[in-house]
Structures are given as C-alpha cells and as structure tokens.
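Here is the structure we will look at.
The values are calculated or read from the model by the stated rules, or taken from the named source; none is laboratory data. None of the values given here were measured: they were computed from a predicted structure. No Cβ is skipped: glycine too gets one built from the backbone with ideal geometry, and neighbour counts run over all protein chains shown. Note: areas computed on protein heavy atoms with side chains; ligands, DNA, RNA excluded. Shrake-Rupley method; radii C 1.70, N 1.55, O 1.52, S 1.80 Å.
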Amino acid sequence: MEFDESAANGADQPTRQRVVRSILDHGPSTAAVLAEALDLTPAAVRRHLDQLVEEGVLEAREPRSQASRGRGRPAKVFALTNHGRDGFDQQYDDLAVQALRFLAETGGDEAVREFAHRRVAFVEERFGPLMTAEPDLSPAEVLAKIFTDEGYIASVRQLPVVGEQLCQQHCPVSHVAHEFPQLCEAETEAISRVLDHHVQRLATIAHGDGVCTTCIPTGVDPSRSTDTRKAVSS
C-alpha cells in the first residue's frame with residue numbers, strides 16, 4: 001500500500017497542537033520536559049519539534065543559565081516564534097498597529113500612553129475585590145488570575161529570597177507591543193500601583209523572550225494602598 005504522507009501529517013496535527021499549547025502554557029521547554037508532560041516518547045516529541053521548527057512555529061534556543069548543567073552540552077529549549085503565536089488571539093494585530101500609529105501621529109506619545117493606561121485599567125478595577133474575595137491567595141496569585149482571565153495565561157513562580165515572579169506565558173498584544181512598548185510599561189505600572197510597591201519587569205514576549213516575567217519582592221503588602229481602584233489618569 002502506498003504511504004500517504006499528507007494523511008500522516010494530518011494525524012500528527014493534534015499532537016503538534018498539544019506540543020505548541022504546552023509551550024504556550026509553560027514557556028520554553030526542552031524535548032525531555034515535553035515528552036514527560038505529554039506522555040510521548042523522546043523520539044516522537046523530537047520528530048514533532050523538528051517539524052514545528054521547520055514550519056517556523058518554534059525555534060530552538062540555548063538555555064539562559066548553564067550554572068546547574070552536568071556534563072555535556074545543555075539541552076536546547078524550544079520557544080514559540082511570532083509566527084507560532086499568530087494562531088492565538090492575534091488576528092487584529094495589523095489593525096491595532098495602524099490605529100496606534102495614527103494615534104501617535106495625531107496625538108503624540110502622550111496619547112499612546114493614555115490609551116495604554118486605559119487598556120490595563122482592568123488590573124486596578126479587579127485587584128481589590130479579588131483580594132477580598134480570595135484572601136488565601138498571595139498578591140501575585142491574584143494578579144495571575146486577573147491576567148489569565150484576560151488571555152495572558154499567567155502563573156506564579158517562587159524565587160528564593162527575592163520573592164515571587166509573575167509569569168505571563170502568552171501576551172495577546174505582543175506583536176503590537178513590539179512597536180509600542182508603552183503597552184508593556186503600562187502593565188508594569190498598573191502592577192506596581194495595586195501592590196503599592198516597585199516591581200521589576202525582567203523579560204517580555206514583545207521583545208523576543210519566551211515569557212513575560214515580573215519580579216514581586218517579598219513583603220509586599222497591598223493593604224497599605226487605600227484605594228487600589230483609583231483612576232488611571234490621576
């Protein structure tokens with residue numbers, strides 16, 4: 001019987017979608033991590049990764065830290081490319097970029113910043129009520145829930161000594177924010193306001209990182225802020 005390559009590729013598609021979704025949810029991952037998470041053999045996951053890299057959906061990167069590596073070369077991590085993110089809630093990127101370019105041309109940088117602040121008003125509107133409704137959550141975990149509801153697929157990672165790290169595995173405006181970083185800056189400022197504490201944005205998807213990360217120091221007490229829902233423009 002003649003081998004039908006197109007049929008084989010079609011049968012593989014759901015598994016490749018699982019691979020892509022895992023990387024979207026959990027950030028750049030090695031083949032070994034993906035094989036374990038998806039219950040695939042290492043050979044099978046490498047075959048899917050090779051195909052996704054060839055299609056431009058993923059790219060292989062050297063790991064950022066090699067401090068804890070053993071003997072031999074460290075395993076590469078696979079991250080979504082901009083093309084790979086196109087399938088996730090970014091159909092209107094071109095229109096959004098054109099609109100912001102027009103806003104910048106007619107209203108200047110201040111108008112773009114005002115738009116960016118209004119766009120992330122949901123952070124300040126929802127943070128206080130959610131902290132009250134779910135007191136067992138840390139401030140970072142509350143933020144993760146808020147951002148996840150807005151399509152960012154956020155989670156929290158504990159950092160030794162430093163505190164917590166808010167990780168956003170997906171950014172629905174990353175393509176637009178690449179040209180207009182005011183969107184990222186407004187997010188960081190909104191997080192800082194609701195926590196009433198300076199936070200540090202360490203990486204952004206918009207600038208080529210696999211995940212947006214924001215460091216939230218130990219000891220943050222947002223209850224000190226008397227009005228976490230104050231107007232963004234104030």
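Which percent of the accessible area of the stretch 135-198 is formed by carbon and sulfur heavy atoms (probe 1.4 angstrom)?
Using a 1.4 Å probe with all protein chains present, the stretch 135-198 comes out at 55 percent carbon and sulfur.
Run the numbers for Thr41 and Thr132: contour at 0.36 nm per residue of separation, minus the present Cα-Cα distance, in nm.
Going from the current span to full extension adds 28.3 nm.
Would you tell me the accessible area of Lys76, worked out with a 1.4 angstrom probe on the heavy atoms of the protein chains, in Å² to the nearest 10?
90 Å²
Express the accessible area of the stretch 103-181 per residue in Å², computed with a 1.4 Å probe while the remaining protein chains stay in the model.
Using a 1.4 Å probe on heavy atoms only, each residue of the stretch 103-181 averages 47 Å².
Glu125 to Gln17: FRET efficiency via 1/(1 + (r/R0)^6), r the Cβ-Cβ distance, R0 45 Å, to the nearest 0.05?
0.85
How many nm is it between the label spots at Ala32 and His207, if each spot is 7 Å from the Cα in line with the beta carbon?
Between Ala32 and His207, the simple spin-label model gives 3.1 nm.
Rounded, prolate or oblate: pick one for the stretch 140-207, where a ≥ b ≥ c are the square roots of the eigenvalues of its C-alpha gyration tensor, a/c under 1.5 means rounded, and failing that, prolate if a/b is larger than b/c, else oblate.
prolate
Ranked highest first by average number of other Cβ atoms within 10 Å, how do 150-156, 47-53, 132-138 line up?
Most protected by this proxy first, the peptides run 150-156, 47-53, 132-138.
Full-extension gain between Ala75 and Asp196, please, as 0.36 nm times their residue separation minus the C-alpha to C-alpha distance.
Extra length available between Ala75 and Asp196 comes to 39.6 nm.
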